[in-house]
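Asks: The structure's right below; bear with me while I get my questions together.
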Amino acid sequence: MESRWSSDRLLPWMPGYVLFEVYACYLNEYLYRNTPNIFSTSAAACTCLDMEKKLSCAGVLTADVYALSNRIKQQAHYMSKSDLPSPVEAAGFLCIAEEAELMSELLACKSKNSVENDDFITEVLDDDSFNFSNKVRNTAFDILTTYRGPCSDSIVASLLGMKKEANLLRELLKLNRNRIDRFARLNICESLREHLLKFLIDINDCKFPEYDSNKKGKPEHAQTNHGGMVSYLESKKCLQSMTSRMELKDSKFVPPLDIILYRDLMETTWSWDRLLPWELGYVPFDFYLVYLNEYFYRNTPTDFNVHAAVSICLKMEEKLSRTGGLTADEVALSNSIKEKADYMIKSDPESPVAAAGFMCIAEEAEFMSELFECKTQNIVEDVFITELLGDKLSTDVRKIATDILSTYDGPCSDSIAASLLGMKKEANLLRELLKLNPKRMDSLAMLKSCKSQRQLLLQFLIDIHGSKFPQLVTS
């Protein structure tokens, strides 16, 4: 996206390869990146009033255009005195204002082109851009005055995306007539505008179940504990409140899963190197898969292949065997891991699941080795070390990771690998906690957070192996 397109132009929704839930997530990020600095209903209404007055003075308007302009001015005048925050109305007025300014400039171009005869301007006028803009204004006005459904952030993003295309079309009108790229850029802009208008019309007609304002609560596919998707502004307000109370400092607090819907919240209140476990709630599972894929992309080691992972794993298993504190079951599991490692090193070196699985197992083995060392050194009982010694998950993690890497051949391999790498990270954090000064007041809180993460991540890995998620069924 960042290298091939632009974050300030909105790609329209078209049914095809992309799930609508994923597109809704894209809309939310677009809104975050493109929300104006001054974004209020009253300010947008004032801007709209100015542009409607400009349009009225630009030339003779048809009865339909004139009637719509009067309705817009009446609503804008009323809302210019309102202090109520309404992002849909604010975005709607901004979109209408940009279209009104474009229509004014099109009328000016029509008069001017009768003398200059610019082929590009002639094509723009022949494409009936003036009436198209009026259709956009009519649809945007209907939405801002009637829409009361969920997903307001997505609606706002769609309106701002249309506003951007109108602005680009205005810029094209001002280009030097010797610019040979004008026609190609015009075709792209007009194509995007047609698809965006279709999307806005569908929103207004409630043809998407996600936007059906007659439904209460969330769409059926998204399970929730509280009956509705948390909006961007609500989530941000909540998380900023948490931050102000220092609950997000260090590793002591785990934010709600909702923040994966909002990139800026992820980067400021959490981090991309620790994986938030899956939990039923506001976030549709398809969104979580997208998050897993990005986590995998951001956390894949430079030397990521089965051969390298197996070598590390075998080394850590040997180290663990020398500790002398393993039970019979743990010895049997270690031998099984070594056998699978010997077999896998001769097979597919490009399997992300196998590579991540062996890296996860290796980290758990190293953690267990260091725990055994702490146990022998903990003569004068340290409360923190004693609490750490109570962590019995490593054997379960190694067992389930071994089962997954040797049997899983279903879809979403990058997502599976991300889950294993997320568990590896938590084991690494536990190893770091072993090295902290035991007198650090936050050590036990950080340990509690890490152990909670590991339990949830382990349950997710168990569910993956048991194919309890429809998206991960291997058959």
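The values are calculated or read from the model by the stated rules, or taken from the named source; none is laboratory data. As the structure is a computational prediction, the values presented were derived from the model and not from experiment. So basically every Cβ, Gly included, is an ideal-geometry build from the backbone, and we count neighbours across all protein chains shown. Accessible surface areas use protein heavy atoms only, side chains included; no ligands, DNA or RNA. Shrake-Rupley method; radii C 1.70, N 1.55, O 1.52, S 1.80 Å.
Asks: Which number in (1) of a type outside the set (Lys, Arg); (2) buried (at least 23 other Cβ atoms within 10 Å of the Cβ); (3) assigned to a loop (DSSP other than H, G, I, E, B) marks the one condition that ASP409 misses?
Replies: (2)
Asks: Report, ordered by the first and then the second residue, all pairs with beta carbons closer than 8 Å, sequence separation of six or more or different chains, a first member in region 1-25 that is surrounded by 13 or more Cβ atoms within 10 Å (Cβ to Cβ), and a second member that is among the small types (Gly, Ala, Ser).
Replies: Correct list of pairs: ARG9/GLY161; LEU10/ALA157; LEU10/SER158; LEU10/GLY161; PRO12/GLY161; GLU21/ALA222; ALA24/SER154.
Asks: List the residue pairs whose Cβ atoms are under 8 Å apart, where the first residue sits in region 65-84 and is closer than 16 Å to THR47 by Cβ, the second is among the β-branched types (Val, Ile, Thr) and surrounded by fewer than 17 Cβ atoms within 10 Å (Cβ to Cβ), and the two are 6 or more positions apart or on different chains.
Replies: From residues that are closer than 16 Å to THR47 by Cβ, the pairs are GLN75/THR145.
Asks: Collect the residues in region 279-311 that are of a type in the set (S, T, N, Q), assigned to a helix (DSSP H, G or I) and open to solvent by 50 Å² or more (accessible area, probe 1.4 Å), keeping them in residue-number order.
Replies: Going through region 279-311, the residues of a type in the set (S, T, N, Q) turn out to be 293, 299-300, 302, 305, 311.
Filter again for assigned to a helix (DSSP H, G or I), leaving 293, 299, 311.
Of everything in region 279-311, those that are of a type in the set (S, T, N, Q), assigned to a helix (DSSP H, G or I) and open to solvent by 50 Å² or more (accessible area, probe 1.4 Å) turn out to be ASN293, SER311.
Asks: Given the criterion at pLDDT below 75, part of a helix (DSSP H, G or I) and under 30 Å from LEU257 (Cα atoms), identify the matching residue among SER235, SER213.
Replies: Every option except SER235 fails the conditions.
Asks: Report yes if THR139 is open to solvent by 20 Å² or more (accessible area, probe 1.4 Å) and either without any contact (Cβ under 8 Å) to a residue 24 or more places away in the chain or under 21 Å from ASN70 (Cα atoms) (or both), otherwise no.
Replies: So THR139 does not fit the description; no.
Asks: Looking only at residues that are in a loop (DSSP other than H, G, I, E, B) and of a type in the set (Gly, Ala, Ser) in region 39-93, which one is surrounded by the most Cβ atoms within 10 Å (Cβ to Cβ)?
Replies: The residue in question is SER86.
Asks: Just a yes or no: is a residue in region 343-353 acidic (Asp, Glu), assigned to a helix (DSSP H, G or I) and farther than 23 Å from ASN428 by Cα?
Replies: Taking every residue of region 343-353 in turn, none turns out to be acidic (Asp, Glu), assigned to a helix (DSSP H, G or I) and farther than 23 Å from ASN428 by Cα.
Asks: When region 160-181 is examined, which residues are found to be assigned to a helix (DSSP H, G or I) and not hydrophobic (A, V, I, L, M, F, W, C)?
Replies: GLY161, LYS163, LYS164, GLU165, ASN167, ARG170, GLU171
Asks: Mind checking whether some residue in region 299-308 is polar (S, T, N, Q) and more than 23 Å from LEU458 (Cβ to Cβ)?
Replies: yes
Asks: Looking at ALA157, ALA184, which is the one that is assigned to a helix (DSSP H, G or I), open to solvent by less than 40 Å² (accessible area, probe 1.4 Å) and not β-branched (Val, Ile, Thr)?
Replies: Going through ALA157, ALA184 in turn, just one is assigned to a helix (DSSP H, G or I), open to solvent by less than 40 Å² (accessible area, probe 1.4 Å) and not β-branched (Val, Ile, Thr): ALA157.
Asks: Condition (residue is modelled with pLDDT under 90 and closer than 30 Å to PHE287 by Cβ) applied to region 329-341: is it met by at least one residue?
Replies: No, that holds for no residue.
Asks: Of all residues being hydrophobic (A, V, I, L, M, F, W, C) and under 18 Å from ARG71 (Cα atoms) in region 94-131, which is surrounded by the fewest Cβ atoms within 10 Å (Cβ to Cβ)? Just the residue, please.
Replies: LEU94
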